[in-house]
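A.B. asks: Can you keep this structure in mind? I'll have questions shortly.
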């Protein structure tokens, strides 16, 4: 804990690039949030000369405006406004007439009202989770020895949790700008999982702090008790996180394309959550108590 200010400065520095990216570029939202239709075609065996122009013409003939056209080495991704299922069949038929080798890999369409509802529900879920965690920790730590406050434990855990959420959002903002990675409903699932893991890890440390405040001599400083508690729980925290990271790395390497970015979000979040529970939540708690002690002395 003697390096507590250094840990918090490091956390802030790590967050800055993501915050800047969020401010200037935001997040690339998938159709789960914006609404629309996405066509993905396999073009492995297709001559790519004039391919984009010809497909643009097919969509225009069917009165469908293309919002985004991404041409890859072996696939194309086309995004449009929301269209009906028949529209997909007509377009797909004409494309296959022109390019028999093209195979439609996937098609997805979501209305704008559903997209808005998904966005609203995502923010509501995050808000309720934060409030629930704060109230739970405040209640669970109600027997913490005086003069320490259970709400300080709860607020410190919430700050660490927000640190992890911001880290994840910033990372995906940067990935969206550089690699055009989009966030979808699975990203919200990953976000809630990361929040739960972060708070769980913080509670493990805080619970040991509470136990040690009761059994260690009261002459010891709060910083010493926190430091002692972290050392006691360090092996458990790292062992738990390491087993999770090994599983996630296996899924990234061996898992399918559809869950790759979901697993990547979990991977970033678990690393951040392990760090923040030890090097963000606990230092905040110690600094808060130090400020309170100085205030009383003055």
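A.B. asks: Quick one: how many residues across the stretch 93-129 are part of a helix (DSSP H, G or I) and touching a residue at least 40 places away in the same chain (Cβ under 8 Å)?
C.D. replies: 13
A.B. asks: Which of the residues that make up the stretch 79-91 are surrounded by 15 or more Cβ atoms within 10 Å (Cβ to Cβ) and outside any loop (DSSP other than H, G, I, E, B)?
C.D. replies: Across the stretch 79-91, the qualifying residues are 79, 80, 87, 88, 90, 91.
A.B. asks: Let me ask you something else. Taking the criterion of being farther than 30 Å from residue 288 by Cα, in the same structural domain as residue 205 (by TED's automatic domain parsing) and surrounded by fewer than 16 Cβ atoms within 10 Å (Cβ to Cβ), would at least one residue in the stretch 163-176 satisfy it?
C.D. replies: No, the stretch 163-176 has no match at all.
A.B. asks: Still on this structure, please answer the following. Could you identify the single residue in 267, 285, 245, 251 that is in the same structural domain as residue 184 (by TED's automatic domain parsing), farther than 18 Å from residue 157 by Cα, assigned to a helix (DSSP H, G or I) and in contact (Cβ under 8 Å) with a residue 24 or more places away in the chain? Don't jump to the end; show me each part of the working.
C.D. replies: Working: 267 fails: in contact (Cβ under 8 Å) with a residue 24 or more places away in the chain; 285 fails: farther than 18 Å from residue 157 by Cα; 251 fails: in contact (Cβ under 8 Å) with a residue 24 or more places away in the chain.
That would be 245, the only listed residue that is in the same structural domain as residue 184 (by TED's automatic domain parsing), farther than 18 Å from residue 157 by Cα, assigned to a helix (DSSP H, G or I) and in contact (Cβ under 8 Å) with a residue 24 or more places away in the chain.
Residue-wise test of (1) surrounded by 19 or more Cβ atoms within 10 Å (Cβ to Cβ); (2) more than 30 Å from residue 68 (Cα to Cα).
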| residue | (1), (2) |
| --- | --- |
| 188 | yes, no |
| 198 | yes, yes |
| 207 | no, yes |
| 220 | no, yes |
| 223 | no, yes |
| 245 | no, yes |
| 281 | yes, yes |
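A.B. asks: Does the stretch 40-53 contain at least one residue that is at pLDDT 90 or above, in contact with a helix residue (DSSP H, G or I) (Cβ under 8 Å, 6 or more places away or on another chain) and either surrounded by fewer than 19 Cβ atoms within 10 Å (Cβ to Cβ) or under 30 Å from residue 287 (Cα atoms) (or both)?
C.D. replies: no
A.B. asks: Something else now. Kindly check whether there is at least one residue in the stretch 131-140 that is in the same structural domain as residue 228 (by TED's automatic domain parsing), more than 20 Å from residue 17 (Cβ to Cβ), in contact with a helix residue (DSSP H, G or I) (Cβ under 6 Å, 6 or more places away or on another chain) and touching a residue at least 60 places away in the same chain (Cβ under 8 Å).
C.D. replies: Yes - at least one qualifying residue is present in the stretch 131-140.
The values are calculated or read from the model by the stated rules, or taken from the named source; none is laboratory data. Small disclaimer: the values here were computed from a predicted structure and weren't measured. Cβ: placed from backbone, ideal geometry, glycine included. Neighbour counts: every protein chain shown.
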